[in-house]
1. Please report, to one decimal in angstroms, the Kirkwood hydrodynamic radius of the range 176-232 built from all distinct Cα-Cα pairs.
2. Evaluate the Kirkwood expression for the hydrodynamic radius of the range 133-179, namely the inverse of the mean inverse distance over all pairs of different C-alpha atoms, and round to one decimal in Å.
3. Rounded to whole Å and ordered largest first, report the semi-axes of the equivalent ellipsoid of the range 121-229 derived from its Cα gyration tensor (root of 5λ).
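None of the figures in this text is laboratory data; all of them are computed from the coordinates on show. Note that the structure is a prediction, hence the values are computed from the model and not measured.
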Amino acid sequence: MTGDDTASSGTRLTAGPDRTVPHRATYQERRGPAAEINIALLGAELAELTRNELLVLVPAPYRLPLRVDLFEDLRARGVTVRLLHAAGREPSTGPLATLARDGIALPTPSQVPYFLVIRDRAVVYLPGQDPGHKPDRLTRMRNVVLAGSMAAAFGAVWETAARRAEAARVAAGIDGIEGGRELVRALGDGLTDQQAAARLHMSKRTFARRVALLMQRLDAGTRFQAGVQAARRGFV
C-alpha cells in the first residue's frame, strides 16, 4: 500500500471493492502528477474528496467497484454525478439498474474500453498501462488540462446518450398504447376529440382515456406538451 492509500487514524476501511466504508477520513493527497491507489479504497477517497462533480465510465460486463450509496450520498451533497456504461444487455437488477432508475447512469453506444473516473475536472483515475500493472490498482493523475478535456468529451457523449434515452422513453410510451402513433398524429393535426375519435373509429370517451394515458406515459402536463415531445421524436 502506498502513502496515497492511507488515511488518518480516524479512518475505518474494510477490504473489497464493494465494502469500502469511509469514516471521518482525512486524505493527504500526494501533489505529484501521478500515484497509485488500491481500487478497494477508491470509494472512500471519492466520498471524502469529491466536491462538485464525479464522472464514471464502466465497461462491460458492468462490474462497478463502487457502492451505490456513494453516488446517492454525493448527490445529496449537491455533487453532479454521472455514469456512462457500455450499451448492450444491461442488467435489470444490481447497482447499474438502480443508478439508471435514479437518472445517474446511461448506456452509450460508444466503446467503453476500461473503467475510468474523473473527479472535479482535476483528477483522473484510470488503469495502469504497463504490463506489470496490478489489476486491483488504479493510477491517480492530477492534471486539470487532461481531466478537463476528458470531462468535456464525457459531457458530449452524455448529451447524446441522454437524447437517445429520451427518444426511447417517448417511443415506449407511445407504442405502449393501442393505436398510440395514430393518436399523436390526430393530436398533431389539431382535431377536436369528436373528430379524432371518428378518424380512429373509437368513442370520444375512449379517445380521451387514451390521451390521458399518453400524457401520463410521456410525463406531460398538457396535451400540447405531449404533442411537442412526440413531434420532436418524429411521431407527428
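1. Values: mean 1/r = 0.0908 Å⁻¹.
That comes to 11.0 Å for the range 176-232.
2. Numbers: mean 1/r = 0.0711 Å⁻¹.
Averaging 1/r across every pair of different Cα atoms and inverting gives 14.1 Å.
3. On the way: eigenvalues 520, 40, 17 Å².
Its equivalent ellipsoid spans semi-axes of 51, 14, 9 Å.
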